Amino acid sequence: MRGGEKVVEALCDMYPDADIFTLVYDEKRVSEKIRRHRVTPSFLQKIPGAKRHYQSLLPLMPFALESLDVSGYDLIISSESGPAKGITPGPQATHVCYCHSPMRYVWDHYHFYRANAGLPARLLMPWIAPALRTWDVTTAARVDAFVANSRHVADRIGKYYRRRATVLNPPVSVDDFAPVTDLGDHYLVAGQLVGYKRVDLAVRAFTRMDRKLVVIGEGPEMATLKRLAGPSVTFLGRTPFPQLKDMLARCRALIFPGTEDFGIVPVEAMASGRPVIAHASGGVLDSVVPDQTGLLFDEQSEAGLIDAVRRFETMEGTFHPEIIRQHAQQFSDVHFRQRMQQIIDDEIARRKPMPVSLSQTVRKQPSLRARVARVKLPDTHLRNGA
């Protein structure tokens, strides 16, 4: 239940009778709200180990998506952070794609993913990626309207698909968070511990400054990060929501050194009344107001983060929890549902065929004389025997 699934939940609230189609479905790991719907997985579901290792089935995903029969639906909403938009809609259907990101592993993060993949994937990716890119661009034409979760993603949709997108930030359960008065003395990093989130910068910087940093989350970078960490850095791993909520509300600031498509955790921190110190890139440019709800730093390096933290500490008292929380309210579930409904309704209305009156039909028919005039040859051609 991450950001993509939260969007699906919001769509379920908007359309309580909707059917859900997905590549692979593990009902034990989704919310009751999603389980109440009829969920149809693709044929990938039958492959042993698909629920745990679905990422390795990437070459089969285009075939799996196109095998899903959605021809009987008037409205299709795809929640896309990979190939989901590649379904084949009926000719009369309206297809609105909410895009979390074009496929990172074949576009802007291709070289990162390949460098950090296992040997079999490193060997296969150069052969598979070109075909996936072609398919990804081609299937963009099956979408009637794109909605991007940030300006950063909208720019990438324009770059790779040559399509315009309406920007609508994803829903955040801001009412689940609240400020507290008894703050701690720690800074916080929270999220999946993968390379592109650059948690290593935070661990190195806070080890060097000897400031308290708490790291919440798990992932393939955990062992490496622990080797980099000094005694001032604490790793809590995956934590239950009440503990995460408490750590967010009591931290001095959230540290967000990576570049993400949007970033839910910074909004959750601001909903808790806490400022965010983030690299000035990606989705945080949509959510963090410099010097009001946090600080942005330009140089994505250990030195750049250290400078930002020291600058924050000189002005820490100027950040007001209630003002920060008020700013976070604009990312609520309610706002998302209202705006998304408006976008969908507008697109349905735009595609609705308009009746043609008799007078319009007559005006569209050129006269016989006009038709003849357009094909009459010059006399000179006749004289030349043409």
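The values are calculated or read from the model by the stated rules, or taken from the named source; none is laboratory data. For clarity, every value in this text was computed on a predicted model and none was experimentally measured. We place every Cβ from the backbone using ideal geometry, glycine too, and count neighbours over all the protein chains shown.
Summary table
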quantity	calculated
Long-range neighbours under 8 Å by Cβ, at least six apart or interchain, first residue outside the structural domain of GLN243 (by TED's automatic domain parsing) within segment 217-230, second exposed (fewer than 15 other Cβ atoms within 10 Å of the Cβ) and at pLDDT 95 or above	none
Subset of segment 177-223 (residues that are at pLDDT below 95 and polar (S, T, N, Q))	THR181, GLN192
Hits in segment 129-148 - residues which are surrounded by 14 or more Cβ atoms within 10 Å (Cβ to Cβ) and assigned to a helix (DSSP H, G or I)	ALA129, LEU132, ARG133, TRP135, ASP136, VAL137, THR139, ALA140, ARG142
Pairs with Cβ under 9 Å, 6+ apart, first in segment 145-156 and under 15 Å from SER281 (Cβ atoms), second part of a loop (DSSP other than H, G, I, E, B) and β-branched (Val, Ile, Thr)	HIS152/THR259
Single residue of segment 149-168 satisfying the filter (in a loop (DSSP other than H, G, I, E, B) and crowded, with 22+ Cβ neighbours inside 10 Å) that is farthest from the chain's Cα centre (by Cα)	SER150
Selected residue (only one of GLN338, GLN342, GLN326 is assigned to a helix (DSSP H, G or I) and over 30 Å from ALA93 (Cβ atoms))	GLN326
Cβ pairs under 6 Å, 6+ apart, first in segment 268-288 and among the basic types (Lys, Arg), second surrounded by 24 or more Cβ atoms within 10 Å (Cβ to Cβ) and in a loop (DSSP other than H, G, I, E, B)	ARG274/CYS251
Filter pass, LEU44 being under 22 Å from the mean Cα position of the chain (by Cα), buried (at least 19 other Cβ atoms within 10 Å of the Cβ) and touching a residue at least 12 places away in the same chain (Cβ under 8 Å)	no
Count of residues meeting criterion [in contact with a helix residue (DSSP H, G or I) (Cβ under 6 Å, 6 or more places away or on another chain), in a helix (DSSP H, G or I) and under 28 Å from ASP175 (Cα atoms)] in segment 210-256	1
Residue satisfying all of: in segment 273-295; under 27 Å from ASP182 (Cβ atoms) and of a type in the set (Gly, Ala, Ser); surrounded by the most Cβ atoms within 10 Å (Cβ to Cβ) among these	ALA278
Any chance LEU201 is part of a helix (DSSP H, G or I) and either in contact with a His (Cβ under 9 Å, 6 or more places away or on another chain) or free of Cβ contacts under 8 Å to residues at least 40 places away in the same chain (or both)	yes
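Residue-wise test of (1) in a loop (DSSP other than H, G, I, E, B); (2) surrounded by fewer than 20 Cβ atoms within 10 Å (Cβ to Cβ); (3) modelled with pLDDT under 90.
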{"residue": "LYS51", "(1), (2), (3)": "yes, yes, yes"}
{"residue": "PRO59", "(1), (2), (3)": "no, yes, yes"}
{"residue": "ALA64", "(1), (2), (3)": "no, no, no"}
{"residue": "CYS97", "(1), (2), (3)": "no, no, no"}
{"residue": "HIS111", "(1), (2), (3)": "no, yes, yes"}
{"residue": "ALA121", "(1), (2), (3)": "no, yes, yes"}
